[in-house]
1. Test of understanding: what is the full-extension gain from residue 70 to residue 131, defined as 0.36 nm times their sequence separation minus their Cα-Cα distance?
2. How much area per residue is accessible in the stretch 49-103 when the probe is 1.4 Å and only protein heavy atoms are counted (Å²)?
3. Based on the Kirkwood radius over alpha-carbon pairs, what is the Stokes-Einstein translational diffusion coefficient of the stretch 45-185 at 20 °C with 1.002 mPa s viscosity, in µm²/s?
4. Take the Cβ-Cβ distance between residue 92 and residue 62 as r, set R0 to 30 Å, and report the resulting FRET efficiency rounded to the nearest 0.05.
5. Report the extension gain between residue 81 and residue 54 in nm, rounded to one decimal, defined as 0.36 nm multiplied by the number of residues separating them, less their alpha carbon distance.
6. Mind checking the alpha-carbon convex hull of the stretch 79-161 and giving the volume per residue in Å³?
7. Quick one: what are the phi-derived ³J(HN,Hα) couplings along the stretch 133-143, Karplus 6.51/-1.76/1.60 with θ = phi - 60°, whole Hz, x for glycine and proline?
8. What number comes out for accessible area per residue over the stretch 122-177 if the probe is 1.4 Å? Units Å², please.
Amino acid sequence: MEETGGASAYGASLAGGGFDFYKFVRQPQTIVRLLSWIFAMVVFACITTEGYINSIHSSEAKCIFNQNDSACQYAVGIGVIAFLACVAFLVLDVYVPFMSNAQERKYAVMADLGFSGAWTFLWFVCFCLLASQWGRTHDVRGVPMDAARATVAFSFFSIATWGILTYFALGRFRRGVHEVTIPTYTEPPPDHHTPYPPTYAPTSYNPTTYTPTTYTAYPSNVPDVHQQPTFTPNIQPQGDTGYQPPTY
């Protein structure tokens with residue numbers, strides 16, 4: 001779905017938004033693609049239904065364009081492929097807004113651009129071929145004139161519609177993802193009214209060499225006043241240590 005404003009990638013809104021069917025149908029790209037679908041259907045339908053007739057002297061059906069079967073086969077082939085391609089690209093146009101990967105959108109737009117450009121040229125060749133062969137057709141007895149003229153006319157119209165589709169695809173490819181604004185983080189300004197002081201990162205760091213502190217040795221000839229005396233057991237005197245009953 002082509003976007004004309006806001007953030008978008010390759011002509012479609014960013015993934016995550018809803019799909020608006022009425023907006024999709026009204027956008028120019030969809031309208032032109034539907035016209036290309038109709039024109040392709042008219043071209044190959046006219047040839048397959050009324051493009052072959054047999055002459056009075058032969059029972060074999062020949063192409064109405066100067067009895068050149070190659071001209072009819074070429075127009076039918078181009079028309080059928082264009083008909084199917086329009087359906088495929090309509091489905092792709094619906095699916096592109098749901099693609100979250102910008103690279104996938106790029107490939108889809110490149111496919112649309114390449115195919116539309118190629119079919120613009122092929123429709124031009126088809127128009128020139130049919131117009132040339134129709135101008136050389138002298139025996140028009142029994143030839144459906146309206147079908148032949150409609151085939152030539154809608155081949156010419158297809159050149160315009162596919163050229164417009166090429167222009168739209170080129171515009172989407174050039175826009176790319178330049179419309180998408182990528183948010184960047186910026187540090188908020190300091191609030192001078194806050195009760196907490198702001199923190200600042202150190203501006204520079206100057207490492208210094210650590211020098212260990214040296215101490216003098218403790219003298220060994222000084223008596224240690226805090227030294228505990230050696231333990232001396234209390235030896236009981238030897239003698240009669242009979243039991244003395246307590247006096248009450």
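The values are calculated or read from the model by the stated rules, or taken from the named source; none is laboratory data. Since we're looking at a predicted model, the values are computed, not measured. Cβ placement follows ideal geometry from the backbone for every residue including glycine, while neighbour counts extend to all protein chains displayed. Only protein heavy atoms, including side chains, enter the accessible area calculation; ligands, DNA and RNA are left aside. Shrake-Rupley method; radii C 1.70, N 1.55, O 1.52, S 1.80 Å.
1. 20.6 nm
2. So the stretch 49-103 comes to 55 Å² accessible per residue, rounded to a whole number.
3. Approximately 124 µm²/s, per Stokes-Einstein.
4. With a Förster radius of 30 Å, E is 0.15.
5. Full extension of this stretch gives 7.0 nm more.
6. Cα convex hull per residue, to the nearest whole number: 85 Å³.
7. After applying 6.51 cos²θ - 1.76 cosθ + 1.60, I find 5, 5, x, 8, 7, 9, 8, 9, 5, x, 7 Hz.
8. Heavy-atom SASA per residue in the stretch 122-177 reads 52 Å².
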